[in-house]
1. Compute the length gained on full extension between His221 and Arg120: take 0.36 nm times their separation in residues and subtract their Cα-Cα distance, giving the result in nm to one decimal.
2. With a Förster radius of 35 Å, plug the Cβ-Cβ distance of Lys336 and Arg309 into 1/(1 + (r/R0)^6) and report the FRET value to the nearest 0.05.
3. Test of understanding: what is the full-extension gain from Arg26 to Glu261, defined as 0.36 nm times their sequence separation minus their Cα-Cα distance?
4. What is the extension gain from Gln246 to Gln96, computed as 0.36 nm multiplied by their sequence separation minus the C-alpha to C-alpha distance, in nm to one decimal?
5. Run the quick spin-label model on Cys36 and Asp679: label points 7 Å from Cα toward the beta carbon, then report their separation in nm to one decimal.
6. Can you give the FRET efficiency to the nearest 0.05 for Lys922 and Ser804, using r as the Cβ-Cβ distance and R₀ = 35 Å?
7. Please give the peptides 856-865, 309-318 ranked by average Cβ packing (other Cβ atoms within 10 Å per residue), highest first, as a rough proxy for protection.
8. What distance in nm separates the simple spin-label points at Lys353 and Val642, each placed 7 Å from Cα in the Cβ direction?
Amino acid sequence: MERDRESQPIYIVADAVVVIMIEKLRKLKSAEEEMCPVLKSQVDKVIPKLKRVYEFLKYEGKKESHIEWTDRLLRVLYEAEDNIDIFFRRMVHLEQATIVPVLDVLEPLLWKGILLRKMRLFLSNVTRVLEDQHLDSKGAGTDSRYSIPNEGRHQYYDRWRRVNADQEDAAEKIGIFRDHRDKIINNGGEWLHCCAVVGEKGSGKTYLAWRIYNLPEIKKHFPCRAWVHVSDDRALKDIRYAVLKQISKQVLRNSEHMDDEEVEQALQKELYDQNYLIVLDDYDHTDSWHAFMWSLPFYNKGRVLVTTRSLPMADKADSKIKLDNLGEEDTVKLFKEKVRSSKINLQDKDIKKKIFPASGGLPLKIVLLGGLLMNLSRETKNWHDVIEREQSLTDILTLSYNYLRPGEKPCFLYLTLFPKATPIPVRRIIRLWLGEELLMGQRDDGLPMNPEDRGEKYLEDLILSNMVEVVTWKPDGTPRTCQVVTPIYDMFRPQAVSLGLLHIHDQKPKDSGPTQAESDRFKRRQSSVRWLTEYSNIKSFGWSDPYYIKRMRSFNSFYTRKGILTRDLGKLLRAVTSHNSHRLLRVLDLEGVYKPYLPGTIERLVLLKYLGLRSTVLDSLPNSVGDLPQLETLDIKNTNIVLPVSLWKSKSLRHLYLNGFPVDPSILNRCTSSGFLPDLRTLTGLYVSSIDDDLVNGLMKSLRHLTKLGIISQWSYKLGNNIARWVPMLTNLQSLKLGMIEKDKESKTKTDKEKDKESNTKTEKEKNKESPPPSLPSMPELRNLFDLYLRGRFQNVEANQLPSCLKFLTLSKSEFSEDPMHNLGQLQQLRTLRLLAKSYVGTEMRCSKDAFPSLRVLKLWQLTELTKLTVEPGSMHKLKELEIRKCPNLPFEGIDSLKHLESLEELILTNMPNEFFRDSEKKLEHCHVIEVQGPPEEHDEGKDASEQMAEEDSEDEEPSSLSSRADLRGDNTFALFNL
């Protein structure tokens, strides 16, 4: 029988706080200017003691008898962390002071003396904690468990390929999902039909529903779709509203103010005469089921798919799919797929003898045990001994957490501050970890490691451990969004709350317990909250109890409804900046929040490292943001913000996401001459109207560490050549998106006299047509560049101009007249090639023998002149997916050479003639042909590749972020390019 211990206050994850403290001490030790020999000695003494505590908590400290001891330990750790951060804050203040009074010269010595005294007390307290468990005489753990294997940046995509292997394997086994697909499409006929997927926790209900939901045939049959995860306390109106937001054809302004009846009427209107599919994940509300179904039109081909653990709920559905536990043979098969370590020699008999009894055939247990074995292989543990006696899901989850790397544990817990079943952009995850200082550490050889690389490695390990799942993928085959697996989230989020690390501003206050000890423990947890996240309006926040925010390091808001949040959020931020004791904030994440208020005193948050304002539609940013001395990430994409000049001189910024508004080149010139973002790694959405020789030299001198660059500029021969001269100097680049925009500047509101005068002159665009296209940057020396996106007219591409390591290439508006396939086919590592609108204006393309040896994905979009694509035998022998979109002059006879491509699994035809689809289905029997109808022709006409790219990049944002684009200023003509 499954033991349920999730509600008990057992500190399964307390060792994560020890890891955070060890890294904090290492940071203090590395701050040489702030360290004196005596203080360094104290740090050197306490770190080994904390390692002993970590080892004890990992293996022995999760017992109920250790609760009071763990409480005392946490108080000691939290107090010490506060003291160190207060010390750092004061040191930063002193560094910023422009005028230092004579008496203040001694202040640094005073603060060092205070910290030394507190560190001595901390060492004494840790020693007593060790003595309480008789750990004072045991040896310290080794540093190797805190480090990770030596890996250079060039191995980054080799790592993601291990994760991507799951995607490819799943695609080969997709037949099981198509069986259920047919039932969902056909059951019910012309009437509304509900199907329930029922099974116990961890049986794979959500996974099955998600795969069905994303099948191309389902997307085609149900153009109107919505997916809603239903939490225990989610009201019926909220469920209806969540559906409405996803299926509405246009942004419903002020829809958040609708009452329940208005939401129901809007649902009826939007779904009328539509083929729609609504998935309600984890829905157990039998009492509200009929009320929800009555919200939907009954006389159409609507389908509702429900995942539930409740048999009474499943019985209310029209049909059901019951998921049973797997047998021995299926357990062996699934387990082998989830163990990705060559160090483990698995025999089927061992799996049947140990894994099958331990898992009981429950899929979640099986995949967790698979991930666990991968982690055990790092620690040279005998997996037979570890797994043999473990049976319950809680025990297996505890083991899975135990054998994560130490540094991965707080990173994993940080993900639980996001709402359950919410896809999180990988970009956002890594930057938040960076802001929270969770990515410090070193490699096995003792050398420092790029923190971004460390974050990517941590996330990869969490995915391979099967505790975090990939929800969506980028076109290049890497994860775009991830989330914590739902049953795992249900167990570990309460643990993070119990520790006092995390507070969710949404849940009702919990009973502090019948005993005085439990009541005191509850209050202490509230006073030590590190990560505060908001799901409901902050106006219900207890201002009389400021202990919630006194020690807050992160504030993340997911309350995105328009017009409500701004005033009350402003109160919170004013409170955070008004008291010295409250200014420990490192992360302020307001992505998707509608026009939040930012106080002008934000510069007081001198420890702030992450400021996320993406899709807030803000019009301005306090100038004082430029004075934040430790700011590392600033994201203002999808806003109307003009960046303060002072930010261009920041010494600490590592990641800058701009919004595509023009930047005055004279500002950049001034900044480059005085030190221009020397530590910058990411710069996207940069639009400059001109780049002269001086600016090129300044950019080359300043931005040598860039790994990701997205730049837009006006099309011109001289400007293009200047950029082409600059780009090859960025030898650390991994991703480059370069857009040269051609604009016809003729005004549509000119007087008749002006029109007559200009009727005899050529437009700028016509003049550009006569100018030779600029040179393509010569990039063979960019040995780290794997992703390249080029938009605009350049000279014909030559293979020797591109880096041999290139894996993903996108061309748009290139207007190449010569067939590019001969040169591109020589790229040995190219995996994805996208030829978008007007990238090629010729009529025939030929892929010669042995060309494209690594290509998996080929997309041909809006090549309106193309009439023939010839693929010779031996070419593209690994191609899995081909998409042809709106190539009106390409007949099926023009691609009949595809017949020999045995590796081809999917041919996706978007807005292609019906005859083309029928011929493809008939003659390409070895692959699955999918017909997709995109927007109507009149809407699609004229859509350029920048808009297409915006559609793809939108998957990197939450739904609320997408709707906010409607409020962007109309003059932001380059926002859609989404660099």
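Bear in mind these aren't lab numbers, they're just calculated from the coordinates by the rules spelled out. A quick note: this is a predicted structure, and the numbers were derived from the prediction, not measured. Cβ coordinates were reconstructed from backbone atoms using ideal geometry, including for glycine residues, and neighbour counts include every protein chain displayed.
1. 29.5 nm
2. The pair Lys336/Arg309 has a calculated efficiency of 0.80.
3. Gain on stretching Arg26 to Glu261: 78.9 nm.
4. Additional length available on full extension: 49.3 nm.
5. 2.6
6. Step by step, r from the Cβ atoms, then E = 0.30.
7. Most protected by this proxy first, the peptides run 856-865, 309-318.
8. My value for the distance between the label points is 7.5 nm.
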